[in-house]
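One structure below.
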Amino acid sequence: MDILDILISASFWAATIRIACPLIFATLGELICERAGVLNLGIEGIMTAGAMSGWLWVYNGGDLIGAVLFAAAVGAMLGLLHASFTVSLGLSQHVTGIGITLLASSLSYFIIKMLLPESTSPPKIVPFQNIDVPILSSLPFLGEALFSHTPLTYTAFLVVPIIMYVLYRTPWGLAMRIAGENPVALEAQGIDVIRVRTLAVMLGSALMAIGGASLTISAFDAFYFGMINGRGWICVALVIFASWRPGKALLGALLFAGLDAFQVRMQQQAGAYIPYQFFLMLPYVLSIVAMIIVARRAEYPKALLKPYRRGERL
Amino acid sequence: MRLELRESVPWWLSLAAPIMAIALSLLLASLLIIWAGESIIDAFRMMAIGAFGSTFALTETLSRAIPLTLTGLAAAIAFRARFYNIGAEGQLYCGALAATLVGTGLMDLNAFWMIPLLFVAGALAGGCALLLPWYLKTRLSVDEVVTTLLLNFVILLLVSYALEGPLRDPMSMGWPQAAPIIDAGVLPALVPRTRLHAGLYVALAAAIVLWLLLRFSVFGFSVKALGLNSNAARHAGIPATRTLFWVAMLSGALAGAAGVSEVAGLKGYLTLDLSPGFGYTGIAVAMLANLHPLGVVLSATFLAGISVGADSMGRALGVPSYIADIMVASAVLSVLIGLMLSRYRVRR
């Protein structure tokens, strides 16, 4: 009965959409990197850097759209760093990713501490406000659940078809997919594999950073230490769960966001019987379960994790 | 311009990678110190004094090096076999949890039995934390990186539950902390009135044993073969699944031992802030040592010095102590480049 109450409340569905927003951006970002053959474990740090830089832009008097672009630029720069290690030099994608996560998050914390030495949680800013879609938002239930969100949340849902179009319907997307499946074939077409992979990692990292920024300038209104809290790793699991397809990635992100929103509400109802830590564990445990479920038929991009050096056999 | 694999790496070149990494991370740190408006010389002098300048500083650095050596060894053996265990942080807490379960009054033994028992329990718990990732990797080829990373969060929440529920010390005034380890289980101090404890011997012994194991045993050979080319190793008849099992067990056990030594040696009781990311820094320790067990001792001491020194500099000057993490991270990245330059030569 309690569960049903949660599921039929519009606020639950609204929360699901809201929580899904950073997951959608970051999962798509990771998906693009992996589709081009590069596992980007810098995701956790890049999201932290995006969250910090988006917040910083607004805190310094910038506008919200500028903040999104600034976060994306920071993300793309970190992506370029990742790509110059893993793509140009062909170094270990695992170690580089972990290194970039450590570097990007500690640099973000350092910068916050430098600018605001006294405060433990940086001051609040004015984030994106909810925009009611005309007419649709006055629908009962659906209006509150789907049509009263921030512009960045709507954008997240718009980005999915755009990425799908780019990936499956443009020569550029085709080049990216071949870079992750059979880079030698791409080279044979006269296309520079290194450049395609580098651009893919930069684009993907920019999306991850926007995902991080959406936490500080859309979902919340301040930057907290440790606020990414494993969301990046969950997105890496979501990409596997989605079998590297953008549509399924959206579905996966929504599923997990729904679970998260559900877990928070169950905590309030069942918190007396079950300790809250077990609810907080759910997203991580289910990420692992999701990977196990799809493991048998997972179709990894064939060249994932394999560095490409011109003239060398794979 | 292209890269060509060197047939053999001269010894001085294999030292070049860590030295270059240290130089680059000092350079990045200098830029940040300039930005913070402090003098580079002052800042680095404060760091050096804070880390190695007095008996107290030295014992602080060495006590910080104990867990870093153990988690560094955990990463080194796992990475050698290309089993990317990023879950040392969680395994450390598993070890600490096991030590707390066994060592807070479950049984009353003398120190001669109690201390080894704590380490065995912690090592077992740490190893068991890697069972699932090992199984999923070898049977279902689920990437171990993601599973070990996600398990860190699960384990930390489990510890948080234990500390607020069944394991909370009734005398803790409501703080989420466990009861103290009984006296027989506490690792003796090595220098009076400092925090340096006998865990140092455990860490050193672990490094030497691991080095002997990897250098002279069949198991060590299998690990090396798996790391170099797992397909070739399999064709040569090396039992990959079994070897990876022992790699996982050893790696988890070492990280678990780090947790035991922190609980029974440094803190005395389990809290949620037992480890400021020792598991993750262990990866940097191992990379900086080029995955060599004896090198791990050196790089752990060096990185421990950086973090202890940065803490003390951060208190004195206006440079946030996060600079230590930045130096660790930039060392990881630059050592990768250094290693590549030492393995390949650049040809025009």
note = Residues whose modelled amide H sits under 5 Å from the amide H of B:Gln177, counting only those 5 or more places away in sequence or on another chain, are B:Asp169
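Can you pull the percent of Cα pairs in segment B:144-290 with separation above 28 Å?
Details: 3737 of 10731 pairs.
That tail contains 35 percent of the Cα-Cα pairs.
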ask   = For segment B:181-259, what is the convex hull volume of its Cα atoms per residue in Å³?
value = 110 Å³
key: Sequence-distant residues sharing a close amide H with B:Tyr344 (under 5 Å, placed H)   = B:Arg6
message = Could you tell me the calculated FRET efficiency between A:Thr170 and A:Glu299, based on Cβ-Cβ distance and R0 = 25 angstrom, to the nearest 0.05?
response = 0.70
key: Debye-sum result for the protein assembly as shown in log10 I(q)/I(0), which assumes one identical scatterer on each alpha carbon, at q = 0.05, 0.12 Å⁻¹   = -0.23, -1.41
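For segment A:85-222, how big is the tail of P(r) above 25 Å, as a whole percent of Cα pairs?
On the way: 4884 of 9453 pairs.
Cα-Cα pairs of segment A:85-222 separated by over 25 Å account for 52 percent.
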ask   = What number, rounded to the nearest 500 deg cm²/dmol, is the helix-based mean residue ellipticity at 222 nm of chain A, given -39500 (n - 2.57) per DSSP H run of at least four residues and division by all its residues?
value = -22500 deg cm²/dmol
request  = Report, ordered by chain and residue number, the aspartates and glutamates lying within cross-link reach of A:Lys124, taken as a straight Cα distance under 18 Å and ignoring same-chain residues fewer than 8 apart.
outcome  = A:Asp63, A:Asp221
query = How far is it, in nm, from the label point at B:Ile208 to the one at A:Phe141 when both lie 7 Å from their Cα along the line to the Cβ?
reply = 7.2 nm
remark   = Label model pair A:Val184, A:Gln269: point-to-point distance (7 angstrom along the Cα→beta-carbon line) in nm is 5.7 nm
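Taking 8 Å as the Cα distance limit and 6 or more residues as the minimum spacing, I'd like the relative contact order of segment B:135-256 as a percentage.
Numbers: 67 pairs, mean separation 11.9, N = 122.
10 percent.
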query = Hey, what do the phi angles of segment B:158-163 turn into as Karplus ³J(HN,Hα) couplings, whole Hz, using 6.51/-1.76/1.60 and θ = phi - 60°, x for Gly and Pro?
reply = 5, 5, 4, 4, 4, 6
message = Checking a compactness column here: for segment B:222-348, what do you get for Rg(Cα) / (2.2 N^0.38 Å), N being the number of residues?
response = 1.33
query = Given a Förster distance of 51 angstrom, what is the FRET efficiency for B:Ala232 paired with B:Ile40, based on the Cβ-Cβ distance and rounded to 0.05?
reply = 0.55
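Could you tell me the relative contact order of chain A? Use alpha-carbon pairs under 8 Å, at least six residues apart, and round to a whole percent.
Values: 550 pairs, mean separation 113.9, N = 314.
This gives 36 percent for chain A.
Would you please give the FRET efficiency between A:Asp5 and A:Asn130, computed as 1/(1 + (r/R0)^6) with r the Cβ-Cβ distance and R0 = 25 Å, to the nearest 0.05? Show your work: numbers first, answer last.
On the way: r = 24 Å, r/R0 = 0.95.
Taking R0 as 25 Å, the efficiency between A:Asp5 and A:Asn130 is 0.55.
I need A:Cys235, B:Cys128, A:Cys33 ordered by Cβ neighbour count within 10 Å, fewest first. Numbers along the way, then the final one.
Details: A:Cys235 30, B:Cys128 17, A:Cys33 35.
In order of increasing Cβ crowding within 10 Å: B:Cys128, A:Cys235, A:Cys33.
Given Cα positions, please report Rg to Rh for segment B:2-347, the hydrodynamic radius being the Kirkwood one.
A ratio of 0.99.
Over all directions, how big on average is the projection of the convex hull of the alpha-carbon atoms in segment B:132-178, in square nanometres? Don't skip to the answer; put the middle values down first.
Numbers: hull surface 14.5 nm².
It is 3.6 nm².
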query = Ranking B:Asp325, A:Asp221, B:Asp108 by Cβ neighbours within 10 Å, fewest first, what do you get?
reply = B:Asp108, A:Asp221, B:Asp325
remark   = Note, segment B:133-141: 3J(HN,Hα) by Karplus (6.51, -1.76, 1.60, θ = phi - 60°), whole Hz, Gly/Pro = x, goes x, 4, 4, 5, 6, 7, 8, 10, 6
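Distance check, please: which entries in A:Lys113/A:Lys248; A:Lys248/A:Lys306; A:Lys248/B:Lys137; A:Lys302/B:Lys224 exceed 29 angstrom between their Cα atoms? All intermediate terms of the calculation are to be shown ahead of the outcome.
Numbers: A:Lys113/A:Lys248 39 Å; A:Lys248/A:Lys306 25 Å; A:Lys248/B:Lys137 23 Å; A:Lys302/B:Lys224 25 Å.
Beyond 29 Å: A:Lys113/A:Lys248.
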Stretch gain in nm, segment A:Ser119-A:Ile292, where the contour uses 0.36 nm per residue and the Cα spacing is subtracted = 58.0 nm
ask   = Separation between the B:Arg168 and B:Ser14 pseudo-spin-labels, each 7 Å from Cα along Cα→Cβ, expressed in nm?
value = 5.3 nm
note = HN-Hα couplings for segment A:24-34 via Karplus (6.51, -1.76, 1.60; θ = phi - 60°), in whole Hz with x for Gly/Pro, come out as 5, 4, 5, 5, 4, x, 4, 4, 5, 4, 6
query = Per residue, what volume in Å³ does the Cα convex hull of segment A:190-314 take up?
reply = 150 Å³
request  = Could you give the spread of the C-alpha atoms of chain A along their three principal axes, from largest to smallest, in whole angstroms?
outcome  = 61, 47, 42
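When A:Val133, A:Val196, A:Val201 are ordered from fewest to most other Cβ atoms inside 10 Å of their Cβ, what list results? Spell out each step's value before the answer.
Working: A:Val133 14, A:Val196 24, A:Val201 29.
Sorted ascending by nearby Cβ count, the order is A:Val133, A:Val196, A:Val201.
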task = On a 0 to 90° scale, report how tilted helix A:151-169 is relative to the longest principal axis of chain A, with both axes built from alpha carbons and the result rounded to the nearest 10.
result = 30 degrees
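Given an 8 Å cut-off on Cα distances and at least 6 residues of separation, report the relative contact order of segment B:2-347 as a percent. Let's see the in-between values first.
Values: 619 pairs, mean separation 132.2, N = 346.
Rounded, it is 38 percent for segment B:2-347.
Given Cα positions, please report Rg to Rh for segment A:125-184, the hydrodynamic radius being the Kirkwood one.
Reported Rg/Rh (Cα atoms, Kirkwood Rh): 1.26.
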remark   = In whole percents, the bins of 10 Å from zero upward hold the Cα-Cα pairs of segment B:41-129 as 16, 31, 28, 21, 4, 0
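The numbers here are math on the coordinates, done by the rules we state, and not lab data. Keep in mind that what you see is a predicted model, and the values were worked out from it rather than measured. Cβ coordinates were reconstructed from backbone atoms using ideal geometry, including for glycine residues, and neighbour counts include every protein chain displayed.
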